[in-house]
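These notes are about the structure you will find just below.
Bear in mind these aren't lab numbers, they're just calculated from the coordinates by the rules spelled out. Remember, predicted model here, so these are calculated numbers, not experimental data. Quick reminder, even Gly has a Cβ in these numbers, built from the backbone with ideal geometry, and neighbours come from all protein chains shown.
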Amino acid sequence: MSVRRFRGLLGVCLVASVAAWAPRPRPRPVSSVLTAHTDASPLGTAIIAGATGYIGKSTVRESLRQGYDTFALVRDATKIDAKTKAEYMDGAHIIECDVCDEAQLQTVFREIADRTPDRKVQAVVSCLASRSGVKKDAYRIDYQATLNCLNAGRAVGARHFVLLSAFCVKNPWLQFQQAKLKFEAALQEQSDMTWTIVRPTAFFKSVSGQLEVVQGGAPFVMFGDGQVTRCNPIAEAELAQYLMDSVTDPTRRNLVRNLGGPDEPLTMRKQGEMMFRAVDKEPNYFYAPLWIFDVIINGLQFLADVTRSEQLEDAAETGRIGKYYAVEDMLTTDPEEKYGTVTLQEHYNRIAVEGQEYDPYTTMFARARVGKFGPEETAAEITTTEPVTGK
């Protein structure tokens with residue numbers, strides 16, 4: 001591995017840990033964004049938390065398509081651009097609130113219920129996920145903020161709670177996985193609401209981060225021999241459909257469901273072949289050794305232990321997240337756990353023409369500009385096969 005690639009992965013670890021400390025915008029008063037509502041929907045009211053996330057946006061759109069009176073909870077409505085509103089949220093009530101503020105969230109839910117004709121909320125769907133996956137961020141979002149949503153739903157008599165969790169919690173040696181499992185336990189212990197827990201294997205976007213650079217002539221980066229891990233990712237629109245269908249499907253009440261897409265097991269090597277096929281280029285691969293993760297993780301953890309630095313501890317955890325997805329399968333083989341019809345090859349073919357939305361948090365193949373790197377220099381050239389937090 002080149003020195004530049006090594007510095008790149010180290011840079012991403014540090015950037016991701018610092019991101020957890022970024023200040024959050026102060027929400028505006030609820031009364032300024034929540035307007036009176038009188039039209040009844042046959043399906044009732046659905047509240048979507050995490051509505052601006054990758055899956056959250058698609059879930060808002062699916063909720064609207066199915067006919068729910070849809071309330072999209074967002075941190076900062078001013079950051080939703082016109083294209084996103086038109087494509088995903090046209091017809092939704094966009095409610096700005098801080099899901100980490102339990103009192104404010106309770107007020108929001110109560111005012112939504114008050115504006116619902118029968119004062120009943122049919123569904124609360126949580127697509128919340130910590131962006132960095134480090135301990136403080138994970139327990140603040142994956143556990144506490146999601147618990148706040150559950151408690152607010154219980155307080156207004158909401159009927160069903162749908163949780164977007166993650167397949168990777170099956171083998172939980174990361175902080176965000178443990179935080180997710182802690183909330184799953186809380187959800188299953190209460191009896192005020194029925195619930196569905198959906199654990200997707202991987203999102204299409206999380207295995208698409210290298211397409212643009214491959215299209216530009218760079219090699220496809222994989223770990224080990226490219227056959228170490230396998231996955232069957234699911235399209236965001238079909239995952240959103242499964243989430244919303246779970247609200248009314250009696251067979252999914254109080255059910256934990258692993259969920260993957262229709263593809264047969266895909267190794268990283270196979271994903272690379274599909275990507276080169278989509279961009280019409282000859283295959284060109286770079287094989288990154290798995291031991292690089294241990295070098296980085298152990299080095300950062302040693303420094304964290306010596307200095308008692310939370311930021312270095314977070315950086316080490318980010319390295320562990322990267323390693324996890326480099327060595328663990330994100331794969332379902334049970335026919336009941338495979339859903340949808342859109343294949344990864346079809347997705348690659350589409351984004352090779354149309355492009356895709358860039359989000360550095362859904363892939364470690366990020367152009368993080370840190371330290372001594374110039375404004376045009378790429379500081380990260382390592383990818384994982386899954387979003388950092390499973391969102």
Rounded to one decimal in nm, the spacing of the 7 Å Cα→Cβ label points at residue 290 and residue 65 is 3.8 nm
Ordering 279-291, 61-73 by per-residue average of other C-beta atoms within 10 angstrom, highest first, gives 61-73, 279-291
Ordering 91-97, 251-257, 194-200 by per-residue average of other C-beta atoms within 10 angstrom, highest first, gives 194-200, 91-97, 251-257
As straight-line cross-link partners of residue 270, the qualifying lysines (C-alpha separation under 21 Å, not fewer than 8 residues apart within one chain) are 205, 281, 323, 338
Mean Cβ-within-10 Å packing, highest first, puts peptides 209-217, 236-244 in the order 236-244, 209-217
Quick shape check on the stretch 204-260: root eigenvalues a ≥ b ≥ c of the Cα gyration tensor, a/c under 1.5 is rounded, otherwise prolate if a/b tops b/c, else oblate, and it reads oblate
Length gained, residue 349-residue 100, 0.36 nm per residue minus C-alpha separation, equals 85.7 nm
Rg/Rh over Cα atoms for the stretch 238-307, Kirkwood Rh, comes to 1.22
